[in-house]
Amino acid sequence: MKKLFEKYLKTYEIDPSIIKFNRVDGGESVIVSDNGATINYDENSVVEDSVIVSLLKLGLEYDKLLSTLHFEPTANPTIVQSFYVHTNPLRVAWCWKMMVKYLPKLELMKEILEINNYYEELKPIAKTDEEKSIVLELWLVLTIYGGGKEAFPFENHFQVPIGEYVKLAKEEPSVDKYLEVFQRESGFDVSVKNGLFIFH
C-alpha cells in the first residue's frame, strides 16, 4: 500500500521528502502541518489511495486546515463531530477538484462509477445527519464532475440552499467557507486562531 501512495505522490506532483508514513490500525488519515505531512495508513483498509493523496494535496496547495481539522484541545467532541459532518461535503468536492486536475480520465471514470453506486445505495436509507451529509457530498461530486442531473433528495434538511453548496464547491477552496457553512448549518460560532478551530 505504501508503494501505491508513493505512486500517487508522483502523480500529484508532491515532493516525497516532506511526507512521513505511519502504519496504523483503523484506516487512513492525513495530518498536514507547516513543515510537511504524515500519511497514516492501514494495510487492511479499502480506502482509495488517490482520495487520501487528493486530501493531502488540498492541504498542501491551499491551507492545512482544509485537509486536517485541528481543534482547540478543550473542544466539545459533539461539536467537533458536527463540524466534520457539516464541512465534509465541501472537503470531498474540493478533493475532487484535485483529482480532476491530476488523475487520468479513465481513473476518474472508475471513481465516478463507484461514487454513483454508493450514492444509489445510501440515498434510500439515509436517516441521520451524517448519512444525509454523505449523500450530499456524493451528489455534489456526481453533479459537478459526473454529469448528474438529479435533484438533491434532502434539500429541506439543510439550512444552506443546495445551489449555494454547488457554488461553494466550484469555487477556490477556503477555510472561511468551512466556517460559513458550519455556522449556518449548526448555529455555532467558530473561528480560527493559532492554526486551530475555536468554538464560541
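Can you give me the number of residues within the range 135-163 that are open to solvent by 70 Å² or more (accessible area, probe 1.4 Å) and either over 19 Å from residue 119 (Cβ atoms) or part of a helix (DSSP H, G or I) (or both)?
Within the range 135-163, residues that are open to solvent by 70 Å² or more (accessible area, probe 1.4 Å) and either over 19 Å from residue 119 (Cβ atoms) or part of a helix (DSSP H, G or I) (or both) number 3.
Just to be sure before I move on: is residue 169 under 14 Å from the mean Cα position of the chain (by Cα) and either part of a helix (DSSP H, G or I) or surrounded by 16 or more Cβ atoms within 10 Å (Cβ to Cβ) (or both) in the structure I sent?
Answer is yes for this residue.
Quick one: count up the residues across the range 32-63 that are among the charged types (D, E, K, R), farther than 17 Å from residue 93 by Cβ and open to solvent by 50 Å² or more (accessible area, probe 1.4 Å).
Total satisfying the criteria: 2.
Of all residues in the range 80-138, count the ones that are farther than 27 Å from residue 63 by Cα and of a type in the set (A, V, I, L, M).
6
For (1) closer than 24 Å to residue 178 by Cβ; (2) of a type in the set (Lys, Arg); (3) modelled with pLDDT of 95 or more; (4) touching a strand residue (DSSP E or B) at 6+ places or on another chain (Cβ under 8 Å), each residue gets a yes or a no:
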position: 83; (1), (2), (3), (4): yes, no, yes, yes
position: 87; (1), (2), (3), (4): yes, no, yes, no
position: 99; (1), (2), (3), (4): yes, no, yes, no
position: 107; (1), (2), (3), (4): no, no, no, no
position: 125; (1), (2), (3), (4): no, no, yes, no
position: 134; (1), (2), (3), (4): yes, no, yes, no
position: 144; (1), (2), (3), (4): yes, no, yes, no
position: 149; (1), (2), (3), (4): no, yes, no, no
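The values are calculated or read from the model by the stated rules, or taken from the named source; none is laboratory data. This is a predicted model, so every value here is computed, not measured. So basically every Cβ, Gly included, is an ideal-geometry build from the backbone, and we count neighbours across all protein chains shown. These area figures cover heavy atoms from the full protein model, side chains too; ligands, DNA and RNA do not enter into them. Shrake-Rupley method; radii C 1.70, N 1.55, O 1.52, S 1.80 Å.
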